[in-house]
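Below: one structure, written as structure tokens.
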Amino acid sequence: MKRIVLDTNCLIQMLSRRSPFYAVWQAYQKEQFALCVSNDILTEYREIIGQKATPEIAENVVSLILHHPLTELFDPKFRFGFITQDVDDNKFVDCAIVANAQYIVSDDAHFEELKQLPPEFQIEVLKLQEFLQTFTSM
């Protein structure tokens, strides 16, 4: 079972039934991968989805994530600070490290900084399109 950390920008792209990435959301609903989150990540999901849609939709999405059987909630105690260009993105990295996730799924260029890390801290970052291709071939 693949364990991923999902950047907010990708989650938003997955939610619309008209999106080519809706298949990823459906795969999550069908328990084809586990989603690793932290309270900081859930707070950002709630905030950004609330801005892009409505607070009610944001609450529904976060509630669905929280109650999904393959959601794993983590509380990273250490802040690694690997991303310097947009330090707010470190919440996803910290969660991925603590969760021992296979992937961070993000279309954000700031995650490119992770390629410079020592091997013991390397986390594979996939674009949403790449992840869609990866899990459809599982």
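The values are calculated or read from the model by the stated rules, or taken from the named source; none is laboratory data. Quantities reported herein were computed from a predicted structural model and do not represent experimental measurements. Methodologically, a virtual Cβ is constructed for each residue, glycine included, from the backbone with ideal geometry; neighbour enumeration extends over all protein chains shown. Note: areas computed on protein heavy atoms with side chains; ligands, DNA, RNA excluded. Shrake-Rupley method; radii C 1.70, N 1.55, O 1.52, S 1.80 Å.
Over 25 Å apart at the Cα level, from the set Lys2/Lys30; Lys77/Lys115; Lys30/Lys115, are Lys30/Lys115. Using a probe of 1.4 angstrom and keeping all protein chains present, the accessible surface of the chain works out to 53 square angstrom per residue.
Under the shape rule built on the C-alpha gyration tensor, where the axes satisfy a ≥ b ≥ c, the stretch 35-82 is oblate, since a/c reaches at least 1.5 while a/b does not exceed b/c.
Spin-label model, Ala53 to Lys115: label points 7 Å out along the Cα-to-beta-carbon direction sit 3.3 nm apart. Note the full-extension length gain between Phe78 and Lys30 as 0.36 nm times their separation in residues minus their Cα-Cα distance, in nm to one decimal. Extending this stretch completely gives an extra 14.1 nm.
Near Ser38, the amide H atoms lying under 5 Å from its own belong to Phe74; only residues 5 or more places off or on other chains count, and H is placed 1.01 Å from N.
Plainly put, the chain has a radius of gyration that is 0.93 times its Kirkwood radius, both from alpha-carbon atoms, as the Rg/Rh ratio.
Highest mobility in the GNM of the chain, judged by mean-square fluctuation with C-alpha springs under 10 Å and restricted to Glu120, Glu31, Glu59, is found for Glu120. Amide H to amide H distances under 5 Å link Arg3 with Ala34, Gln102, Tyr103, where only residues 5 or more positions off or on other chains count and H is placed in the peptide plane. If you run the Gaussian network model on the chain, springs between alpha carbon atoms under 10 Å, then out of Val24, Val98, Val37 the most flexible one is Val98. Can you tell which of Asp88, Asp40, Asp107 shows the greatest fluctuation in a Gaussian network model of the chain with Cα springs below 10 Å? Of Asp88, Asp40, Asp107, the most mobile in the Gaussian network model is Asp88.
Protein-only accessible surface at a 1.4 angstrom probe places the residues Ser63, Ser38 in the order Ser63, Ser38, largest first. Of the accessible area of the stretch 1-99, computed with a 1.4 Å probe over protein heavy atoms only, carbon and sulfur atoms account for 52 percent.
Heavy-atom accessible area with a 1.4 Å probe sorts Arg17, Arg46, Arg3, Arg79, largest first, into Arg17, Arg79, Arg46, Arg3. Distance between the modelled labels on Gln85 and Thr71, one decimal in nanometres: 3.0 nm (7 Å Cα→Cβ projection).
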